[in-house]
Amino acid sequence: MDGNGRWARERGLSRLQGHRAGTENIRRVISNFANHGVRYLTLYAFSIENWRRPRAEVRGLLRLLGEVIDREVHNLHREGVKLNHLGTLDGLSTRLQKRILAAVDLTKTNTGITLNLAFNYGGRQEILMAMNKLLAQATPPESVDETLFSQTLYTADVPDPDLIIRTAGEHRMSNFLLWQSAYSEYYSTPTCWPDFNEAAIEDALQAYSQRQRRFGGLQEQQ
Ligand code: FPP
């Protein structure tokens, strides 16, 4: 969800006001993608590397997450959204950990769109977490294959992303779903996250529909 800071600067607002505007956009984006038949949506809200930002901004983002959960979870639950957390709870306050776990638990049997919230997430750290888990369980090396490894990641039971959209014109992976994105299609738009609206979503999906996915082979595969 890139470009909150730039969006705010262009309007003479603070970075945190930009993040707040970005948060307001989340509801609209979820319902737009759901209307397009998307079954899984992942939002990258806070990376492990984001702890390097100024203390006040980090505190503001942690507070925003708490506020979003308090304000939105019951609406999301009513709409059948299933919430997953991708990332580690380490380093988050006990109160925030409890709110995240309660929201995931409340929505766990919902059958609508699955919303993965990558918060305190890093792709490399996820791969190490999975490897350490397999080692701690004394998993025989010969049984470690792609299926088992995928099932050990935060995204167990979530399909690999078909499309990764990056807003605000960036063209980096930024430690996002490194294992899962092996064959994802990538789309970058100059639109900043708070302005990523219905028309911008249409453009992204239209571009995706033109891609020929070969997964390393020669013919389009499912
Ligand atoms: C990137 O924009 C945005 C983030 C690091 C935070 C995204 C967070 C939200 C949209 C709000 C929090 C939402 C939840 C669900 C907690 P940037 O700051 O890098 O913008 P810039 O590149 O223009 O400076």
Legend entry - Loop-located chymotrypsin sites (Phe, Trp or Tyr not before Pro) in segment 1-83 whose Cβ has at most 15 other Cβ within 10 Å (DSSP): none
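Would you mind getting me the FRET efficiency between ALA138 and ALA102? Use the beta-carbon distance for r and R0 = 45 Å, nearest 0.05. Could you put the intermediate results ahead of the total?
Numbers: r = 33 Å, r/R0 = 0.73.
The calculated FRET efficiency here is 0.85.
Full extension from HIS74 to SER31: what is 0.36 nm times the residue separation minus their Cα-Cα distance, to one decimal in nm?
Values: separation 43, 0.36 × 43 = 15.48 nm, distance 1.49 nm.
Value of the extension gain: 14.0 nm.
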Inset, instruction - Mind checking segment 115-208 for trypsin sites (Lys or Arg not before Pro) that DSSP puts in a loop (not H, G, I, E or B) and that have at most 10 other Cβ atoms within 10 Å? - result: ARG172
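Give the percent of DSSP beta bridges with both residues in segment 35-122 that are antiparallel, rounded to the nearest 5.
Details: 0 of 12 bridges.
Beta bridges within segment 35-122, antiparallel portion: roughly 0 percent.
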Legend entry - Two-site FRET efficiency, THR147 against ARG124, from Cβ-Cβ distance with R₀ of 25 Å, rounded to 0.05: 0.75
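Would you please name the trypsin sites (Lys or Arg not before Pro) within segment 43-121 that are DSSP coil residues with at most 14 other C-beta atoms within 10 Å of their C-beta?
Details: sites: ARG52, ARG55, ARG59, ARG63, ARG71, ARG78, LYS82, ARG95, LYS98, ARG99, LYS108; in loops: LYS108.
Of the trypsin sites (Lys or Arg not before Pro), the ones in loops of segment 43-121 whose Cβ has at most 14 other Cβ atoms within 10 Å are LYS108.
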Legend entry - Label point 7 Å beyond Cα of GLU49 along Cβ direction - residues of segment 154-168 with amide nitrogen under 19 Å: 164-168
Inset, instruction - Collect residues whose amide H, placed 1.01 Å from N in the peptide plane, falls under 5 Å from the amide H of GLY169; neighbours closer than 5 in sequence don't count. - result: THR189, THR191
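Could you tell me what percent of the accessible area of segment 95-201 is made up of carbon and sulfur, with a 1.4 Å probe and every protein chain present?
Working: 3130 of 5650 Å².
The computed percentage sits at 55.
Could you state the accessible area per residue of segment 139-188 in Å², with a 1.4 Å probe and every protein chain left in place? Numbers along the way, then the final one.
Details: 2770 Å² over 50 residues.
Result: 55 Å² per residue.
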Legend entry - Total charge dipole magnitude, the chain, about the Cα centre, Cβ charges on Lys, Arg, Asp, Glu only, Debye to nearest 20: 900 debye
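Can you tell me the dipole magnitude for segment 1-110 around its Cα centre, using point charges on the Cβ only (Lys, Arg +1; Asp, Glu -1), in Debye to the nearest 20? List each step's numbers first, then the result.
Working: 20 positive and 11 negative charges, 44 e Å.
Its charge dipole is roughly 220 debye.
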Inset, instruction - Keeping the other protein chains in place, figure out the carbon and sulfur percent of the accessible area of segment 1-85, with a 1.4 Å probe. - result: 49 percent
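Express the accessible area of segment 1-93 per residue in Å², computed with a 1.4 Å probe while the remaining protein chains stay in the model.
Numbers: 5070 Å² over 93 residues.
With the other protein chains kept in place, segment 1-93 gives 55 Å² per residue.
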Legend entry - Residue among PHE46, LEU178, VAL158 farthest towards the positive dipole end of the chain, charges placed on Cβ: PHE46
Inset, instruction - Under 20 Å Cα to Cα from LYS108, which lysines show up? Leave out anything in the same chain fewer than 8 places away. - result: LYS82, LYS98
Inset, instruction - Could you run the Karplus curve 6.51 cos²θ - 1.76 cosθ + 1.60 with θ = phi - 60° over segment 90-105 and give me ³J(HN,Hα) per residue in whole Hz, x for Gly and Pro? - result: 4, x, 8, 5, 4, 5, 5, 4, 5, 5, 5, 5, 5, 5, 5, 5
Legend entry - Residues with amide H under 5 Å from that of ASN116, placed H, sequence gap 5 or more: LEU41, THR42, LEU43, ASN84
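The values are calculated or read from the model by the stated rules, or taken from the named source; none is laboratory data. For clarity, every value in this text was computed on a predicted model and none was experimentally measured. FYI the Cβ positions are ideal-geometry reconstructions off the backbone, even for glycines, and counts take in every protein chain you see. Surface accessibility is based on the protein's heavy atoms, side chains included, excluding ligands, DNA and RNA. Shrake-Rupley method; radii C 1.70, N 1.55, O 1.52, S 1.80 Å.
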